[in-house]
Ligand code: DAK
């Protein structure tokens with residue numbers, strides 16, 4: 001598939017995906033969703049890299065769902081529209097590899113929901129976040145009502161979603177929505193550095209840890225501990241043994257991705 005909005009690049013074992021529709025502040029339209037589904041399918045099938053970084057071109061990460069497309073929907077169309085976005089962002093969240101959002105500017109509405117479906121959020125100091133849907137007489141429709149409360153707690157999510165206010169990057173960092181802040185010109189470099197760091201750890205361990213954290217949060221605690229125990233044990237077959245031996249022998253583990 002030829003992409004018109006997505007610009008994929010690859011740096012070794014790290015993928016960088018740039019949303020490129022800057023004239024519309026990377027508003028998420030149906031072409032974007034078709035391209036993203038295609039790209040996620042490619043990652044799942046070909047496993048081209050071990051960590052993905054997502055960013056936006058220009059002054060926005062993404063300024064939300066494309067309002068000019070949404071305005072023509074009736075309630076049934078809106079349900080399908082919401083479902084497609086929810087499913088696509090779930091597919092992104094469920095990728096076996098870690099995904100880092102490098103948030104370069106506006107991350108509003110669907111754009112904020114997109115970064116919340118990523119595993120780690122790094123933002124530039126000039127990023128702006130918000131769920132402004134109530135200003136349009138809407139509610140978040142790509143799982144924002146569910147992911148924001150899981151990330152920052154129910155009280156904070158209620159405050160931001162009910163008020164439709166925007167928050168700056170420092171506030172987003174303070175409340176734990178983003179994990180780190182960068183100077184705008186260093187954002188991508190910082191995101192790629194973190195991605196490379198993750199991509200040179202035990203790959204099976206990284207994927208297992210992501211899955212345990214992601215799945216465990218919605219599970220009964222004891223069941224989540226059982227799941228952790230089983231997956232911990234599985235790592236004692238190969239990667240984990242090599243990692244521990246390497247430590248004791250004061251050398252680098254000889255994992256494929258670490259040579
Ligand atoms: N959709 C479409 N176009 C957008 C857009 C958006 N979300 N955001 C910006 N643009 C377009 C503008 O219309 C403008 O286009 P032209 O007029 O040049 O053709 C261009 O991008 C540049 O924008 P501005 O001229 O407004 O730029 P400024 O720097 O002055 O302002 C801004 C930047 C981010 C403050 C402003 O653009 C803004 O407020 N944008 C809208 C932000 C917003 O409200 N985002 C939330 C969208 S609603 C659901 C499913 C999904 C959703 C909800 C329900 N269900 C089906 C239940 C999700 C909803 C949303 O995401």
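The values are calculated or read from the model by the stated rules, or taken from the named source; none is laboratory data. These figures come from a predicted structure and were not determined experimentally. Please note: Cβ atoms are built from the backbone with ideal geometry, for glycine as well, and neighbour counts cover all protein chains shown.
For this structure, a couple of remarks:
- Count of region 118-154 residues, restricted to those that are more than 11 Å from the ligand (Cβ to nearest atom), part of a loop (DSSP other than H, G, I, E, B) and surrounded by fewer than 23 Cβ atoms within 10 Å (Cβ to Cβ), is 5.
- Matching residues, region 157-193, being without any contact (Cβ under 8 Å) to a residue 40 or more places away in the chain and under 20 Å from residue 213 (Cβ atoms): 157, 175, 176
- Top-ranked residue of region 28-51 - restricted to ones that are surrounded by 21 or more Cβ atoms within 10 Å (Cβ to Cβ) and in contact (Cβ under 8 Å) with a residue 60 or more places away in the chain, ranked as farthest from the ligand (Cβ to nearest atom): 50
- With respect to the conditions (1) under 20 Å from residue 40 (Cβ atoms); (2) out of contact with any strand residue (DSSP E or B) (no Cβ under 9 Å at 6 or more places or on another chain); (3) surrounded by fewer than 21 Cβ atoms within 10 Å (Cβ to Cβ), residue 89 lacks only one, and its number is (3).
- Considering 63, 23, the condition of being within 11 Å of the ligand (Cβ to nearest atom), surrounded by 14 or more Cβ atoms within 10 Å (Cβ to Cβ) and at pLDDT 95 or above is satisfied by 63 alone.
- The set of residues in region 78-117 being touching a helix residue (DSSP H, G or I) at 6+ places or on another chain (Cβ under 9 Å), within 8 Å of the ligand (Cβ to nearest atom) and over 14 Å from residue 64 (Cα atoms) consists of 78 alone.
- For region 157-211, a residue qualifies if it is within 16 Å of the ligand (Cβ to nearest atom), part of a helix (DSSP H, G or I) and surrounded by 18 or more Cβ atoms within 10 Å (Cβ to Cβ), and the qualifying residues are 157, 160, 161, 169, 172.
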